[in-house]
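Encoded as structure tokens, the structure appears first; notes follow it.
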Amino acid sequence: MATDGAGAQAPLPLDGNNVMPLDGAQLTLEQATEDQANGYTADDIQVLEGIEAVRRRPGMYIGSTGQAGLHHLVYEIVDNAVDEAMAGYAKHIGITLQPDGWAQVEDDGRGIPTDKHAKTGKSALETVLTVLHAGGKFGGGGYKVSGGLHGVGASVVNALAAELQVRVHRDGYYHCQRYERGIATSELERGRLKQADPPTGTLVRWKADPDVIDALEYDFDILAQRFREVAYLNKGLWIRFRDERTLSPGGEPANEVNFYFEGGIQSYVRFLNRDRETLQPLPFHLDREVGANGQTVAVEVALQYNTDYSDSVYAFANTINTHEGGSHLTGFRSALTRAINDFARKQKQLKDNDPNITGEDTREGLTAVISVKLAEPQFEGQTKTKLGNPEIKGVVESATAEALSEYLEGNSREGRRIVDKCLTTARARDAARKARALVQRKGALDGAALPGKLADCSERNPELSELFIVEGDSAGGSAKQGRDRRTQAILPLRGKVLNVERARLDKLLAHEAYRTLITALGTGIGEDFDLAKLRYHKVVIMTDADSDGAHIRTLLLTFFFRHMPNLIEAGNLYIAQPPLFRVQAGRQKAEWLYSDAELEAFMNRQKEGQKKISVQRYKGLGEMNADQLWETTMDPQARLMLRVDIDNEHAADDLFVKLMGDDPSKRRSFIETHADLARLDV
């Protein structure tokens with residue numbers, strides 16, 4: 001559980017007083033002569049080194065220059081502090097968001113070394129902060145286990161910071177230095193620590209450079225979710241996260257959370273399942289060290305089944321969330337399928353002639369966390385989204401299969417309930433397979449096989465094509481008349497669609513509206529989903545601006561989140577923003593307004609005039625004629641659209657469970673908590 005901040009160490013005070021050539025590249029004489037004639041010579045080749053390369057191509061190192069990249073800077077420094085914790089030297093990490101764009105991370109680890117580095121001639125501290133691929137992650141001497149594998153974290157943050165300040169406590173002294181855009185602007189200051197000072201630790205404080213980072217506003221909730229994960233994955237580690245950008249009247253931070261979990265990922269699984277009905281009173285938990293290829297691998301697995309139809313499985317390597325999975329996730333899935341099948345046959349729930357339960361059948365209603373810690377992880381890319389070590393598959397599979405088999409045999413009642421759920425899933429999957437085959441037969445890409453309700457576009461290049469999912473036949477008629485027939489397709493939906501949060505895939509595929517939508521998109525669904533077959537690269541939900549429209553939009557978002565998340569992750573899903581008001585002052589040209597705030601601003605501007613003001617409120621798309629709908633909502637040159645992204649997968653999953661699940665008390669609680677945000681049309 002999360003606790004308060006009692007016992008956390010005081011923060012470290014900041015001020016000092018209190019291109020290599022390509023091997024084997026060859027040019028023929030003719031090619032060389034032609035290049036010189038075209039004015040293209042070796043002088044035109046730029047070799048970017050170190051800090052300069054990071055500043056010119058920041059996206060290569062932090063993924064993007066938007067908010068995700070801004071957050072990645074924080075994660076890089078926090079990962080360094082976590083490495084100290086995993087090595088057994090740190091117990092506390094403090095993260096603070098400060099006014100004017102400053103962020104600060106501190107730990108009570110050993111402190112970055114400050115003695116002179118033999119190769120660079122600089123202090124080890126300055127080397128770590130200014131030289132790419134310099135750090136304790138290489139050579140095996142500094143860390144046995146590390147999340148910051150590439151060794152570029154601190155130097156990349158420094159390169160992309162307008163200003164960075166660092167303070168290290170070790171060996172009875174403090175050491176301070178300042179940098180601007182990756183370049184040291186002061187010498188390394190040194191002084192004796194006072195008795196009240198923390199004896200060891202590192203504090204890094206920086207301000208992102210607006211010249212290279214586009215988004216400068218941190219999101220407290222997204223960062224807090226990451227730090228909660230880190231605390232779960234490192235039991236016994238205390239993480240304090242404070243937001244000092246806004247202070248209460250008493251001078252306290254507007255937001256502060258403290259995370260400390262003795263149960264590790266077992267507590268994590270219980271947290272993820274807190275709003276679900278579970279099949280086991282406590283999660284299965286495995287925590288052991290296994291030898292592999294001369295190294296020791298720590299394997300920790302926790303899992304618990306619930307009565308839902310979706311799965312929530314998260315895999316980590318050295319506390320890095322490997323969103324794309326990898327060898328550890330593959331090993332876990334193999335072990336899960338094997339252990340459940342072995343148990344089902346021993347319990348005679350599977351007869352001799354019955355086919356095995358498939359891996360897909362074992363994952364419905366599963367909540368699991370897999371965490372491995374190893375000395376030499378092989379991540380794909382700097383953002384580390386997939387683990388590639390092939391030997392880890394066998395390590396995780398053997399350890400999990402053995403421990404899970406023992407658990408199921410020792411908890412046979414819970415084990416039988418799990419197998420019963422898997423068998424029910426298998427029967428539903430068979431029904432869904434038949435329904436999917438029907439959808440696919442009707443979903444061939446020739447125009448004659450497309451749904452009759454779909455008014456398709458003439459463009460066959462998906463990158464140039466848009467599909468508007470429109471609420472109701474009336475709005476659908478206006479949209480069909482007002483659209484650009486070359487690039488815009490219209491699919492009207494009649495009435496409320498099925499809430500898929502409470503339905504298996506077979507029931508979903510029995511619903512005509514979803515069958516029509518899946519056929520129109522062309523991707524298939526479930527195990528047959530293929531994003532490459534998407535017929536429209538902009539899929540736009542366009543509903544009325546009233547409560548019914550909001551409900552239908554939420555139902556469709558639930559469908560896409562649960563059954564086509566890759567479509568969201570690829571940036572293909574949008575929400576249209578039709579105007580709320582048409583206003584006109586006297587004989588002036590009419591204006592379209594998209595929010596109550598815009599209407600209020602318009603009315604304030606008219607207070608001094610004596611003109612007659614006309615305000616028309618639009619609740620339904622069908623109230624607009626075709627040219628108005630085109631002008632305000634569909635014209636690519638004038639429209640407003642929101643792209644649907646998943647910034648926080650855990651929070652999104654939790655929200656859909658609360659709002660769309662079976663427990664009405666969760667919805668009631670949510671409504672009571674957020675009632676002040678509701679917009680009422682009276």
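The values are calculated or read from the model by the stated rules, or taken from the named source; none is laboratory data. Here the structure is a predicted model, which is why all the values come from computation and not from measurement. Note that we place each Cβ from the backbone using ideal geometry, even for glycine, and neighbour counts take in every protein chain shown. Note: areas computed on protein heavy atoms with side chains; ligands, DNA, RNA excluded. Shrake-Rupley method; radii C 1.70, N 1.55, O 1.52, S 1.80 Å.
For this structure, a couple of remarks:
- Qualifying residues in segment 476-488 (those that are in contact with a strand residue (DSSP E or B) (Cβ under 7 Å, 6 or more places away or on another chain) and open to solvent by less than 40 Å² (accessible area, probe 1.4 Å)) - the one modelled with the lowest pLDDT: Gly476
- Some residue of segment 376-397 being part of a loop (DSSP other than H, G, I, E, B), in contact with a Lys or Arg (Cβ under 7 Å, 6 or more places away or on another chain) and not polar (S, T, N, Q): yes
- Test: Glu569 is within 30 Å of Ala428 (Cβ to Cβ) and of a type in the set (Asp, Glu): yes
- Only one of the numbered conditions (1) in contact with a strand residue (DSSP E or B) (Cβ under 7 Å, 6 or more places away or on another chain); (2) open to solvent by less than 30 Å² (accessible area, probe 1.4 Å); (3) under 26 Å from Ser310 (Cα atoms) is not met by Phe561, and that is (1).
- Here is the figure for segment 377-422: residues that are on the phi > 0 side of the Ramachandran plot and crowded, with 20+ Cβ neighbours inside 10 Å total 1.
- Lone unmet requirement of (1) within 27 Å of Gly476 (Cα to Cα); (2) open to solvent by less than 70 Å² (accessible area, probe 1.4 Å); (3) not aliphatic (A, V, I, L, M) for Arg643: (2)
Residues are listed down the side, and each one gets a yes or a no for (1) out of contact with any Leu (no Cβ under 8 Å at 6 or more places or on another chain); (2) modelled with pLDDT under 85; (3) surrounded by 13 or more Cβ atoms within 10 Å (Cβ to Cβ); (4) not in a loop (DSSP other than H, G, I, E, B):
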| position | (1), (2), (3), (4) |
| --- | --- |
| Gly609 | yes, yes, no, no |
| Gly622 | yes, yes, yes, yes |
| Leu629 | no, no, yes, yes |
| Thr633 | no, no, yes, yes |
| Gln637 | yes, no, no, no |
| Ala651 | yes, yes, yes, yes |
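- Yes/no for Ile213 being surrounded by 15 or more Cβ atoms within 10 Å (Cβ to Cβ) and of a type in the set (Val, Ile, Thr): yes
- Taken together, Tyr218, Tyr179, Tyr232 contain a single residue that is closer than 18 Å to Gln165 by Cα, open to solvent by less than 20 Å² (accessible area, probe 1.4 Å) and either at pLDDT 95 or above or touching a Leu at 6+ places or on another chain (Cβ under 8 Å) (or both), which is Tyr179.
- The residue that is least open to solvent (accessible area, probe 1.4 Å), counting only those in segment 86-100 that are within 16 Å of Pro253 (Cβ to Cβ) and assigned to a helix (DSSP H, G or I), is Pro99.
- Top-ranked residue in segment 265-315 [being assigned to a strand (DSSP E or B) and of a type in the set (Val, Ile, Thr); ranked as surrounded by the fewest Cβ atoms within 10 Å (Cβ to Cβ)]: Thr296
- Candidate set: segment 538-550, residues that are in a helix (DSSP H, G or I) and surrounded by 15 or more Cβ atoms within 10 Å (Cβ to Cβ); chosen: the one farthest from the chain's Cα centre (by Cα): Asp548
- All told, Asp354 meets the bar of being open to solvent by 30 Å² or more (accessible area, probe 1.4 Å) and of a type in the set (D, E, K, R).
- Meets criteria (open to solvent by 20 Å² or more (accessible area, probe 1.4 Å) and either closer than 19 Å to Gly365 by Cβ or modelled with pLDDT of 90 or more (or both)) for Leu491: no
- Among all positions in segment 618-636, there is at least one residue which is within 31 Å of the chain's Cα centre (by Cα) and among the aliphatic types (A, V, I, L, M).
- Lys538 vs. criteria basic (Lys, Arg) and either on the phi > 0 side of the Ramachandran plot or in contact with an Asp or Glu (Cβ under 6 Å, 6 or more places away or on another chain) (or both): yes
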